[in-house]
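The values are calculated or read from the model by the stated rules, or taken from the named source; none is laboratory data. Given the structure is predicted, the values throughout are model-derived calculations rather than measurements. Don't worry about glycine lacking a Cβ; one is built from the backbone with ideal geometry, like all the others, and counts go over all protein chains shown. Please note that ligands, DNA and RNA were not included when accessible areas were found on the heavy atoms of the full protein model with its side chains. Shrake-Rupley method; radii C 1.70, N 1.55, O 1.52, S 1.80 Å.
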Amino acid sequence: MKKVIEYFVDHSVVVNLLTLLIVVMGGLSLFSLNKETFPMVDFNFISIRVVYQGAAAEDVEKLISVEVERELKSVDGIDEMNSLSGEGAAIISLKIDPDFDTDDVLVDVRNALGDLSQKVPSEVETPVITKNTNTKRSLIKIALIDGEESELRANAKFIRDSLERYSSIAEVTMDGYRDEIFDVQVKQGKLEEYEITLTQILNAIKDRQTNITAGNLKGELRDKLIRTLVENETVTEIEDVVILSNDIGNAVKVKDVATVRRTLKDPVRFDDFNGQPAIILGVKAKVSADVLKTAALIKKQIKSFSQERGFKYKTYDDNSFYVKRRLGVLSQNGIQGIIFVVICLALFMNFKVSLITALGAPFAFLVAFALMDSFGITINLISMFALILVLGMLVDDSIIVAEQYYQYLEKGMKPKDAAKKAALDTLGPVTSTVITTMVAFGSLFYMEGIMGKFLWAVPAVVILCLIASWIECFVILPGHLADWSSNVKNIDKTKWYQPLQDKYQKIIEFCIYHAKTTIAAFLILFIASLITAVKMRFELFPADDVTFAYLNIKGPVGTSLNRTSDKLKELEAIVKSEIHQDEMVGFRSITGYQFARHGGARVGSHYGTVFIELTMQDFRKRKTDVLLKAVSKEIQKSIGEFS
C-alpha cells in the first residue's frame, strides 16, 4: 500500500484524471438511475380470488373456500394458508416457504385449481391467481368529481386509454366505474303465450354472443382460418335474436317477449371524494419507470385533458412527493454538512485543507451512484435513507488524514512528504474503523422476511460509500492535499482554543488518575442505558410521521348500501368539522368496501371506509395523534348500530 500511496502523491495528473472520471461517471449515473418509491420485492405470497356473485358468506365458505383449500393441500411449498369468505367472493392467501421458489409454487397452484370449475357451482367465476409483488407501483390517484355519472365515465375511460399508451405506465384502474350491460326484462304473460322458458331466452342470447376458432381450411394456394364471430353490441341486435322458429319461417324473437335496454350494472359500492360522487383513477407505474418523470408526465397530461374536456379533478396519494422530499432532504443535508465541516475545520486548519477534506462525502456518493446500478440498486426511499445515514461517517476518515497532514506541515515537512507520511500513519486506524463499521451494517444482510428484503439496500449502500471513502482517503486526498494545501496558518493566531485544550487535559488527567472510579461510573451508565432501552416502547414508524388514516365501520349483516352510505356521510361531516382544510389533502369514502390489515379487503353492503390523507407534519400545527383522537371522540357519539 505504501507504493500505491507514494505513486498517487507523486503523480498529481493521474489523481486529477481519476477524480474527473469519477465525477463524470457518478454524475451521469445519478441522472440515469431510476427514482422510485420502494425497491422491487417478492413478498412470498400468492393470492387467489374467486367470485360467486350473489352468494352469502356462508355459502361462499362452504362451496368455494373449503373446496379450494382441499385442492391446495397437495401443493408443496405452502407455509401458511388463510381464507376470507365474504358476500360474493372468497380470498385465499398463501404464504410461501422461503426455501421454495414462488414462481414454481405458483405453477403448482394453478395446476391444482385447473379443474376447480367441475367441483363448484357453474355460476362461480374462474379463479384469479396472482403472485404478490410490487412490480406495478401505485404512483398517484386521480379523483374525477363534480359531474354527472355519464360524464365522469366518459372522461375516466378517455384518461385511462390515453395514459396507458405511455410505456412507463403499467396500468390505470378505475374505482366507482360501472360497466354497461343489456337489461332484458321478460314479460311473464308472453312466456306463457309462447310456451318458452327463461333458460331458452338465456341460451339464445348466449349462442348469439360467440367467438369460436374452428381451425384451418387448407387450399392449394393458401390456407384459410375458419372463425365464427357473432357479437351483439346494440339493443336492436339483442331484440332481433331468435328464440324459437319453425319450418315455415315463423319465429319468436326477444323483442316479442321482453323489453331490452342499455343500462349500468347495479352498484356494489359507492365511491366519494371530499363528499362528492367520484370515479377514482389509480395509476400504477412499471418497475423500470422513473417515478418523478412519470408523475410529472401524468400531472401535465391530466391538466391538459381537464382544460380540453372541462372536468374537475383532484390528485392525492402521490408517492412521487415522498421521493422528491427525501431527495431534497439528502441534498439539503449534504450541502449543510459540507458547509459546517468547512467552517469547523477552518477554525483549526487553513481553508483549502478544510474544503478538500469536506469534499470526501460527495466524492463517496458519486462512487456509490456509479456502482449502484451494477448491484441492482435504484434511488428510492430505502437507499436514500442509507445515504443520509452514512453522510456523517464519510468525512470522519478524511478529517483524520487531513489533520495528521496539517500537523506535519506545522512541523516543517514538505507537502508531499507530509501527505505520504500522514496517509501511511493513519492507514491502520482508518482501515480498522471502516471495517468495523462495515461489519456492523453487514449484519443487516442476514435479516429475514419481507423487512430483510426491503432493507437489503441499506447495508449495501453504506458499505459502498465506506469503501469509496477509504479509497478517497488514501488515493485521492493525499495528492490533492500536497498540491493545493501547502500553506500553514500562523500558529500564534490559532491559540484561541488553548483554554479549552487546557481544561480537556485536566479532565483526562483526572480520569486517568481515578481510573477505577471512571470505569465504574461508565459501567453504571451503560447498565442504566440497557435497562432504559429494554423498557422503551418500540415503534418502527412514529405516529406523528403518518399521513394516512382509515376509519372503518361495519353494520349488521344485511344492511343496505344506502344505509351504510348515509352513515359514512355522517362520518364525512365529522372529518370536515374536526380537521381543518389546510391539515389534509382530502378524504375518500367507499361504501360496500373496507380496507383490512396486511393489504386485504372486506366486501359487503354493510362495510364502509373513510380514507383520510393528511398534509405533512411540517405543514400543520396539530399532530396526527391529536387529529385522530378528536375525530374518534366525535365518531363514538354517533356510531349507533355500526361498529
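Which of (1) open to solvent by 50 Å² or more (accessible area, probe 1.4 Å); (2) touching a Phe, Trp or Tyr at 6+ places or on another chain (Cβ under 9 Å) is the odd one out, the single condition residue 159 does not satisfy?
With respect to (1) open to solvent by 50 Å² or more (accessible area, probe 1.4 Å); (2) touching a Phe, Trp or Tyr at 6+ places or on another chain (Cβ under 9 Å), residue 159 is out only on (1).
Can you name every residue in the range 244-257 that is touching a residue at least 40 places away in the same chain (Cβ under 8 Å) and more than 15 Å from residue 230 (Cβ to Cβ)?
Going residue by residue through the range 244-257, those that are touching a residue at least 40 places away in the same chain (Cβ under 8 Å) are 244, 252, 254, 256-257.
Within the range 244-257, 244, 252, 256, 257 meet the criteria.
Would you confirm, using the coordinates I've provided, whether residue 57 is among the hydrophobic types (A, V, I, L, M, F, W, C) and without any contact (Cβ under 8 Å) to a residue 12 or more places away in the chain? Give the steps one after another, and end with the answer.
Details: among the hydrophobic types (A, V, I, L, M, F, W, C): yes; without any contact (Cβ under 8 Å) to a residue 12 or more places away in the chain: no.
No, not satisfied.
Does residue 44 meet the test of being within 30 Å of residue 124 (Cα to Cα) and open to solvent by 20 Å² or more (accessible area, probe 1.4 Å)? Even if it seems obvious, please write down each step before you answer.
Numbers: within 30 Å of residue 124 (Cα to Cα): yes; open to solvent by 20 Å² or more (accessible area, probe 1.4 Å): yes.
So residue 44 fits the description; yes.
So, of the residues in the range 79-105 that are outside any strand (DSSP E or B) and among the β-branched types (Val, Ile, Thr), which turns out to be farthest from the chain's Cα centre (by Cα)?
Narrowing the range 79-105 to residues outside any strand (DSSP E or B): 87-88, 97-105.
Subset that is among the β-branched types (Val, Ile, Thr): 102, 105.
Details: 102: 21, 105: 25 Å.
Among them, the one singled out is 105.
Taking strands (runs of 3 or more DSSP E) that do not extend beyond the range 228-306, which have at least 3 residues that are of a type in the set (Lys, Arg), at pLDDT below 90 and open to solvent by less than 60 Å² (accessible area, probe 1.4 Å)?
Details: elements: 242-245, 251-253, 258-264, 270-273, 279-285.
The strands (runs of 3 or more DSSP E) meeting that bar number zero.
Need pairs with beta-carbon distance below 7 Å; first residue within 13 Å of residue 471 (Cβ to Cβ) and within the range 350-378, second open to solvent by 60 Å² or more (accessible area, probe 1.4 Å) and in a helix (DSSP H, G or I); sequence gap 6+ or separate chains.
Taking only residues 6 or more apart or on different chains, the pairs are 366/23; 370/25.
If I go through the range 561-595 residue by residue, how many of them are of a type in the set (A, V, I, L, M), over 22 Å from residue 87 (Cβ atoms) and within 28 Å of the chain's Cα centre (by Cα)?
Number of matching residues: 4.
Which pairs have Cβ atoms under 9 Å, sit 6 or more apart or on different chains, and link a residue in the range 497-516 that is closer than 20 Å to residue 345 by Cβ to one that is polar (S, T, N, Q)?
none
Six or more apart or on different chains, Cβ under 6 Å: which pairs go from a residue in the range 407-427 that's under 15 Å from residue 350 (Cβ atoms) to one that's charged (D, E, K, R) and open to solvent by 70 Å² or more (accessible area, probe 1.4 Å)? Could you list them?
408/421
For residues that are part of a helix (DSSP H, G or I) and exposed (fewer than 12 other Cβ atoms within 10 Å of the Cβ), tally how many sit in the range 166-197.
From the range 166-197, those part of a helix (DSSP H, G or I) are 188-194; that's our starting set.
Right, trim to exposed (fewer than 12 other Cβ atoms within 10 Å of the Cβ) and you get 188-189, 192.
Within the range 166-197, residues that are part of a helix (DSSP H, G or I) and exposed (fewer than 12 other Cβ atoms within 10 Å of the Cβ) number 3.
Checking residue 412 against (1) at pLDDT below 85; (2) more than 44 Å from the chain's Cα centre (by Cα); (3) in a helix (DSSP H, G or I): exactly one of these is not met. Which one?
(3)
Residue by residue through the range 307-318, note down the ones that are under 13 Å from residue 142 (Cβ atoms) and either part of a loop (DSSP other than H, G, I, E, B) or not polar (S, T, N, Q) (or both). Let's see the steps before the verdict.
Step one: filter the range 307-318 for residues under 13 Å from residue 142 (Cβ atoms), giving 311-318.
Selection gives 311, 312, 313, 314, 316, 317, 318.
Which members of the range 126-156 meet the condition of being part of a helix (DSSP H, G or I) and open to solvent by 60 Å² or more (accessible area, probe 1.4 Å)?
Taking the range 126-156 as the starting set, the residues that turn out to be part of a helix (DSSP H, G or I) are 149-156.
Within the range 126-156, 149, 150, 151 qualify.
Look at residue 123 and say whether it is touching a residue at least 60 places away in the same chain (Cβ under 8 Å), open to solvent by 70 Å² or more (accessible area, probe 1.4 Å) and either part of a strand (DSSP E or B) or out of contact with any helix residue (DSSP H, G or I) (no Cβ under 9 Å at 6 or more places or on another chain) (or both). Walk me through how you get there before you give the answer.
On the way: touching a residue at least 60 places away in the same chain (Cβ under 8 Å): yes; open to solvent by 70 Å² or more (accessible area, probe 1.4 Å): yes; either part of a strand (DSSP E or B) or out of contact with any helix residue (DSSP H, G or I) (no Cβ under 9 Å at 6 or more places or on another chain) (or both): yes.
When the stated conditions are applied, residue 123 passes them.
Of all residues in the range 197-237 being of a type in the set (Val, Ile, Thr) and under 44 Å from the mean Cα position of the chain (by Cα), which is nearest to residue 181 (Cα to Cα)?
Initial filter on the range 197-237 (of a type in the set (Val, Ile, Thr)): 197, 199, 201, 205, 210, 212-213, 226, 228, 230, 234-236.
Next, from what is left, pick out any that are under 44 Å from the mean Cα position of the chain (by Cα): 210, 212-213, 230, 234.
Values: 210: 17, 212: 22, 213: 25, 230: 17, 234: 10 Å.
Of everything passing the filter in the range 197-237, 234 is nearest to residue 181 (Cα to Cα).
So in the range 358-390, with the set limited to residues that are open to solvent by less than 10 Å² (accessible area, probe 1.4 Å) and not in a helix (DSSP H, G or I), which one is modelled with the lowest pLDDT? Write out each step before concluding.
Narrowing the range 358-390 to residues open to solvent by less than 10 Å² (accessible area, probe 1.4 Å): 358, 360-361, 364, 368, 372, 377, 379-380, 383-384, 386-387, 390.
Next, only the ones that are not in a helix (DSSP H, G or I) stay: 377, 379-380.
Values: 377: 86, 379: 85, 380: 82.
Among them, the one singled out is 380.
Within the range 575-586, take every residue that is assigned to a helix (DSSP H, G or I) and open to solvent by 40 Å² or more (accessible area, probe 1.4 Å) and give me the one that is nearest to residue 277 (Cα to Cα).
The initial filter retains those residues of the range 575-586 that are assigned to a helix (DSSP H, G or I), namely 575-578, 581-583.
Now drop any that are not open to solvent by 40 Å² or more (accessible area, probe 1.4 Å), which leaves 576-578, 581-582.
Values: 576: 16, 577: 20, 578: 22, 581: 19, 582: 22 Å.
Going through the qualifying residues, I end up with 576.
Between 108, 76, 59, which is assigned to a loop (DSSP other than H, G, I, E, B), open to solvent by 40 Å² or more (accessible area, probe 1.4 Å), of a type in the set (Asp, Glu) and modelled with pLDDT of 85 or more? Before you say what the answer is, go through the steps one by one.
Numbers: 108 fails: assigned to a loop (DSSP other than H, G, I, E, B); 59 fails: assigned to a loop (DSSP other than H, G, I, E, B).
From the options 108, 76, 59, the qualifying one is 76.
Mind telling me which of the residues 605, 589 ends up being in a strand (DSSP E or B) and more than 19 Å from residue 634 (Cβ to Cβ)? Don't jump to the end; show me each part of the working.
Details: 589 fails: more than 19 Å from residue 634 (Cβ to Cβ).
Going through 605, 589 in turn, just one is in a strand (DSSP E or B) and more than 19 Å from residue 634 (Cβ to Cβ): 605.
With without any contact (Cβ under 8 Å) to a residue 60 or more places away in the chain, among the β-branched types (Val, Ile, Thr), outside any strand (DSSP E or B) and out of contact with any Asp or Glu (no Cβ under 7 Å at 6 or more places or on another chain) as the only criterion, which of 201, 159 stands out? Don't jump to the end; show me each part of the working.
On the way: 159 fails: without any contact (Cβ under 8 Å) to a residue 60 or more places away in the chain.
The unique qualifying residue is 201.
Any residue that is assigned to a loop (DSSP other than H, G, I, E, B) and loosely packed, with under 15 Cβ neighbours inside 10 Å - is there at least one of those in the range 423-446? Full working, then the answer.
Here is the first cut: in the range 423-446, the ones assigned to a loop (DSSP other than H, G, I, E, B) are none.
Checking the range 423-446: not a single residue is assigned to a loop (DSSP other than H, G, I, E, B) and loosely packed, with under 15 Cβ neighbours inside 10 Å.
Has the range 400-408 got at least one residue that is surrounded by 18 or more Cβ atoms within 10 Å (Cβ to Cβ), in a helix (DSSP H, G or I) and under 38 Å from the mean Cα position of the chain (by Cα)?
Looking for residues that are surrounded by 18 or more Cβ atoms within 10 Å (Cβ to Cβ), in a helix (DSSP H, G or I) and under 38 Å from the mean Cα position of the chain (by Cα), one finds none in the range 400-408, hence no.
Working only within the range 323-349, note down all residues that are open to solvent by less than 50 Å² (accessible area, probe 1.4 Å) and of a type outside the set (A, V, I, L, M).
Scanning the range 323-349 gives 328, 334, 337.
Just the residues that are loosely packed, with under 10 Cβ neighbours inside 10 Å, small (Gly, Ala, Ser) and at pLDDT 90 or above, please, taken from the range 496-538.
Matches in the range 496-538: 515 only.
Criterion first (at pLDDT below 90, within 22 Å of residue 554 (Cβ to Cβ) and surrounded by fewer than 17 Cβ atoms within 10 Å (Cβ to Cβ)) does residue 592 satisfy it?
Numbers: at pLDDT below 90: yes; within 22 Å of residue 554 (Cβ to Cβ): yes; surrounded by fewer than 17 Cβ atoms within 10 Å (Cβ to Cβ): no.
For residue 592, the condition - at pLDDT below 90, within 22 Å of residue 554 (Cβ to Cβ) and surrounded by fewer than 17 Cβ atoms within 10 Å (Cβ to Cβ) - is not met.
May I ask you to say which residue of 557, 546 is modelled with pLDDT under 85 and either farther than 24 Å from residue 625 by Cα or over 29 Å from the mean Cα position of the chain (by Cα) (or both)? Before the answer, list the steps.
Numbers: 546 fails: either farther than 24 Å from residue 625 by Cα or over 29 Å from the mean Cα position of the chain (by Cα) (or both).
On inspection, the qualifying residue turns out to be 557.
Which residue, of 46, 64, 22, 5, is in a helix (DSSP H, G or I), closer than 30 Å to residue 132 by Cα and touching a residue at least 40 places away in the same chain (Cβ under 8 Å)? Let's see the steps before the verdict.
Working: 46 fails: in a helix (DSSP H, G or I); 22 fails: closer than 30 Å to residue 132 by Cα; 5 fails: closer than 30 Å to residue 132 by Cα.
None of the others qualify; the one that does is 64.
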